[in-house]
Each structure stands twice: as C-alpha cells, then as structure tokens.
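Structure in structure tokens, see below.
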Amino acid sequence: MPASLPAAPVPLDAVDRSIIAELLADARISNAALAQRAGIAPSTALLRTRQLVERGVIEGYHAELSLPAIGRSVQALIAVKLRVHDRDKIDRFTGKAPRLPEVLSMFHVSGGTDYLLHVAVASTEALRDWVLDHLATDEAVGHTETTLVFSHVKGQSGPLEG
C-alpha cells in the first residue's frame, strides 16, 4: 500500500535534521549515543524521535539484507505496460505485484510505462520464469521490458539541508 503524503512538508529544525542523519547512518544507534551525537539530553532525543515518528517523518526502521547472501543475486528493473486501464484489473495487479516475495519495490510512473518493478531472484533463468509466471500470464499486463541491474548505489534519503 502506498504511503500517504502529508498535506504540506513537515518543518524540521537543526535537531530534527541531526537525529534523522544519525538514524539514517545507523537505525540501531542507542538513544544515549543518538543524544550525544545530536548534542541533546537523552530524554530530549527520545521525545524528538517519537515526535518525528508521530509527525510522519520517520515511517519505520528496517533491516537491510545482502541479496546475494540470501540467494537473490540477480536484480532487474521490469517496465510493465498494462493492456487495459480497467480499475478492477489495475487494483488486482497493484494489490498482487508488490506482495510477491521477489519484488523489492514497485513504482507507478508516467510515460509509456505504467509500472516499474525492482525484483531480485536467484538466476537469470529464475528471472525468465518469474516474468513468464507472474507477468506474461497476467491478463492486465500488455507488455514488459526487463533490464538487468549490474550494480545499485543508494542515494541519500534524508532531508535537504535548509
């Protein structure tokens, strides 16, 4: 399910930005260490972190897995163009696709493509079979184009300085 967007950007002060930067660097940081690095009292760090969650700035804390270590070393981006734009078929596709265990992310995009799927599987043969089993046979899907990912470098997800 897509995250709902706040009506307006949430104002962030220097303390909020410091807390966010530290949590992005290490989400498992202790509250005491977070407080020390942010230059605030531990009680303030705990309160401010809770407020960032309540205000919808922090949506969660996640473990990041090594995909090759769990047998999913082949990644691909799959552009999906729907056959028809029938609401029931779209809802069924968007309800099913992101819940498949191979799907890391699903983006609804503009242009000639309707959706972009980021998937990770064990091999190119598994990728071929996955596309055939889950996309080519789906009545809502009209066309797919698969691009192999050779490397993935994550960008910064924190707020812009300001």
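The values are calculated or read from the model by the stated rules, or taken from the named source; none is laboratory data. Here the structure is a predicted model, which is why all the values come from computation and not from measurement. As a convention, Cβ positions derive from the backbone with ideal geometry for all residues, glycine included, and neighbour counts pool all protein chains shown. With ligands, DNA and RNA removed, areas are computed over all heavy atoms of the protein, side chains included. Shrake-Rupley method; radii C 1.70, N 1.55, O 1.52, S 1.80 Å.
Using the Cα gyration tensor of segment 76-162, with a ≥ b ≥ c the square roots of its eigenvalues, what is the shape: rounded (a/c below 1.5), prolate (a/b larger than b/c) or oblate (neither)?
Taking the square roots of the gyration eigenvalues as a ≥ b ≥ c, segment 76-162 is oblate.
Further, regarding this structure: Ordered by packing density, taken as the mean number of other Cβ atoms within 10 Å over each peptide's residues, highest first, how do 115-127, 52-64 rank?
Details: 115-127: 17.8, 52-64: 11.1.
With the highest mean Cβ count within 10 Å placed first, the list reads 115-127, 52-64.
Then there is this: What's the carbon and sulfur percent of segment 1-100's accessible surface, probe 1.4 angstrom, rounded to a whole number?
Carbon and sulfur: 56 percent of the exposed surface of segment 1-100.
Now for a different question. What base-10 log of the normalised intensity I(q)/I(0) is obtained for segment 109-152 from the Debye formula, alpha carbons as equal point scatterers, at q = 0.27 Å⁻¹?
Debye intensities relative to I(0), on a log10 scale: -1.15.
In addition: Enter the angle in degrees (range 0 to 90, nearest 10) between the Cα long axis of helix 42-54 and the first principal axis of the Cα atoms of the chain, meaning the one along which they spread out most.
30
How large is the accessible surface per residue of segment 1-83, computed with a 1.4 Å probe and reported in Å² as a whole number?
Accessible area per residue: 67 Å².
Along its principal axes, what span do the Cα atoms of segment 1-121 show, with the longest given first and each in whole Å?
56, 39, 21
Next question. When the chain is fully extended, how far beyond the present Cα-Cα distance does PHE107 get from VAL149, taking 0.36 nm per residue of separation?
Stretched fully, the PHE107-VAL149 segment lengthens by 13.5 nm.
Follow-up. Comparing PRO98, PRO11, PRO42, which has the greatest mean-square fluctuation in the GNM of the chain with Cα pairs linked when under 10 Å apart?
Most flexible of the set in this elastic network: PRO11.
Per-residue ellipticity at 222 nm for the chain, helices alone: DSSP H runs ≥ 4 residues times -39500 (n - 2.57), over residue total, nearest 500 deg cm²/dmol?
Calculated mean residue ellipticity at 222 nm is -9500 deg cm²/dmol.
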